[in-house]
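Shown next, in structure tokens, is the structure this report addresses.
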Amino acid sequence: MTPATPARPSGAHYVYTELKRRIMTLELEPGERLYEPGLAASLEVSRTPLREAIRRLTSENLLEQQTTGGVVVRSLNAKEIAELYDVRASLEALMAREAATRVKPEDVAAMQGIVDRNAALVGFAEDAMMTGKSLHDYIARVADNGWAIRLHDQVSDQMVRYRRVTNSTQTRRDAALTEHRDIFAAVSSGEPDAAAELAFAHVVAARDEALRAIKEELQT
């Protein structure tokens, strides 16, 4: 008897998850218009769950309803991107500060492993980005501030499409690794003020790189 094939997630949640993935990975690019019949066919779903997922993503400001009735992937201008990074910088600083007051030896060991992986993968843009994100996520877990984590997740949803441009050059990846090591050292040593200052500066540096890359793209 052959084993049953695992059922594929269905309905609006599946469509929401898949559409969000396509937006975050730039498979659906900022400004791109959604063509419902084609999407429904590619996702093998009816238009009803597709429209429900579109409404949800619109409420999260990842999609935008146009006056003509169409729906496009929402683009962010430089001002909005700068604002998102500034908010994220404050949240990262808060979580690094709180993590430095709560860190335990097992957390230090876990973060050391993440930083070591970051160093090993610093030559690879996507891998370096993901290991860096893992460090920030772990610090957030140690900080254990539920509101900060929820707000940070909302900001990150908007930023993830643009975070890739901050990590596109080896120079920036090397600098980010140094910054991650410094943040890790401050959190591990229980230095809340230094951890907060370093985390804030790290995100500001990423913001400046993102704005520089976007400005260059607009000029080409």
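Considering segment 200-217, and only residues there that are touching a residue at least 60 places away in the same chain (Cβ under 8 Å) and within 16 Å of the chain's Cα centre (by Cα), the residue that is surrounded by the fewest Cβ atoms within 10 Å (Cβ to Cβ) turns out to be VAL204. Collect the residues in segment 57-107 that are outside any loop (DSSP other than H, G, I, E, B) and of a type in the set (Lys, Arg), keeping them in residue-number order. Selection gives LYS79, ARG88, ARG97, ARG102.
In a residue-by-residue description of segment 107-118, the property of being more than 29 Å from TYR16 (Cβ to Cβ), surrounded by 16 or more Cβ atoms within 10 Å (Cβ to Cβ) and touching an Asp or Glu at 6+ places or on another chain (Cβ under 7 Å) applies to no position. Mind listing whichever residues of segment 71-87 are without any contact (Cβ under 8 Å) to a residue 60 or more places away in the chain and aromatic (Phe, Trp, Tyr)? Those that are without any contact (Cβ under 8 Å) to a residue 60 or more places away in the chain and aromatic (Phe, Trp, Tyr): none in segment 71-87.
For beta carbons closer than 9 Å, sequence separation of 6+ or different chains, a first residue in segment 28-42 that is outside the structural domain of ASN61 (by TED's automatic domain parsing) and on the phi < 0 side of the Ramachandran plot and a second that is at pLDDT 90 or above and among the acidic types (Asp, Glu), there are no qualifying pairs. Scanning segment 133-157 for residues that are among the polar types (S, T, N, Q) and either touching an Asp or Glu at 6+ places or on another chain (Cβ under 7 Å) or more than 18 Å from HIS202 (Cα to Cα) (or both) returns ASN145, GLN154.
Summed over segment 178-199, the residues that are hydrophobic (A, V, I, L, M, F, W, C) and either within 17 Å of the chain's Cα centre (by Cα) or at pLDDT below 95 (or both) give a count of 1.
Scanning segment 123-172 for residues that are of a type in the set (Phe, Trp, Tyr) and either surrounded by 21 or more Cβ atoms within 10 Å (Cβ to Cβ) or not assigned by TED's automatic domain parsing to the domain that holds GLY113 (or both) yields a single hit, TYR162.
The values are calculated or read from the model by the stated rules, or taken from the named source; none is laboratory data. This structure is a prediction, so every number in the text was calculated from the model and none was measured. Ideal geometry is used to build each Cβ from the backbone, glycine not excepted, and the neighbour counts take in all protein chains shown.
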